[in-house]
Every structure is written in structure tokens, then in C-alpha cells.
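The values are calculated or read from the model by the stated rules, or taken from the named source; none is laboratory data. In this text the structure is predicted, and so the values were computed from the model without any measurement. We place every Cβ from the backbone using ideal geometry, glycine too, and count neighbours over all the protein chains shown. Just the protein is used for accessible areas: all its heavy atoms, side chains included, with ligands, DNA and RNA removed. Shrake-Rupley method; radii C 1.70, N 1.55, O 1.52, S 1.80 Å.
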Amino acid sequence: MGYFNCIALACLMALSFSSIDVGLAARHLQQMPPMPTLPTTTLPPLPSIPNLPQPTMPRPGALPPLPTMPALPTFPAIPTATLPPLPSMPSIPTIPTAIPLIPFLSPPPSPSSTP
């Protein structure tokens, strides 16, 4: 992260120094005496474009018919393979869904207290 900050700072400094030079150059251009006018030259006329023959476009109804597709060759029949029957799968045992009852044991008898 510190490396990125260093690069960003260097770019910012380079940009600020380059803008200082642009400002000084603009000031020098404004303080210069006016430039003398340069002689103007006349350009030769452009050559004319020759008239080319216009292509004749056929009307949509006058197009030649499309060629017919040749008949595709017939392929011989592919023999079908018969697979042997699959062996029967053993039956899956069923999982009991009833919850067995836990027998309820009565507490032991309490000792009787005799006076």
C-alpha cells in the first residue's frame, strides 16, 4: 500500500510540474510582438471527377432462378444392436417406522415407617 502511495505522489508531482511549464509558455506567447502576415498562395483547382457509367441493376423479378439441389445419396440401413436383459436387482429391506415402546418401571416401594 505504501508503494502505491509513493507512485501516486510521484505522478501528482510530475503533473503539477508539467502544468507550470505550460503556464509559463502561455505567458511568453502573450508577451510576444504580433507575427507578420505570411504570404498566401493560391491552390490549383481540383480535378473534376469523370463521369463513370452507371451499372444497370436487374429488377427483382428478372433474377435468374436458383439452381436445384442434387438428390442426396441414400445410406445403407444401420443394423440395430440388441442388448441382453439386465439382471434383476435384489429387493431393498424395509426400515421399520414404528418406534418401540420403552417399558415403564415403577419406583421401588418406599420403606414404611413404623412408630
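Here are the numbers:
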read-out	value
Flag if Ala81 is modelled with pLDDT of 80 or more and part of a helix (DSSP H, G or I)	no
Residue match in the range 99-108 (condition: in a loop (DSSP other than H, G, I, E, B), of a type in the set (S, T, N, Q), open to solvent by less than 100 Å² (accessible area, probe 1.4 Å) and free of Cβ contacts under 8 Å to residues at least 60 places away in the same chain)	yes
Test: residue in the range 51-61 that is open to solvent by less than 100 Å² (accessible area, probe 1.4 Å) and outside any loop (DSSP other than H, G, I, E, B)	yes
Top-ranked residue of the range 6-30 - restricted to ones that are open to solvent by 90 Å² or more (accessible area, probe 1.4 Å) and of a type outside the set (A, V, I, L, M), ranked as modelled with the lowest pLDDT	Asp21
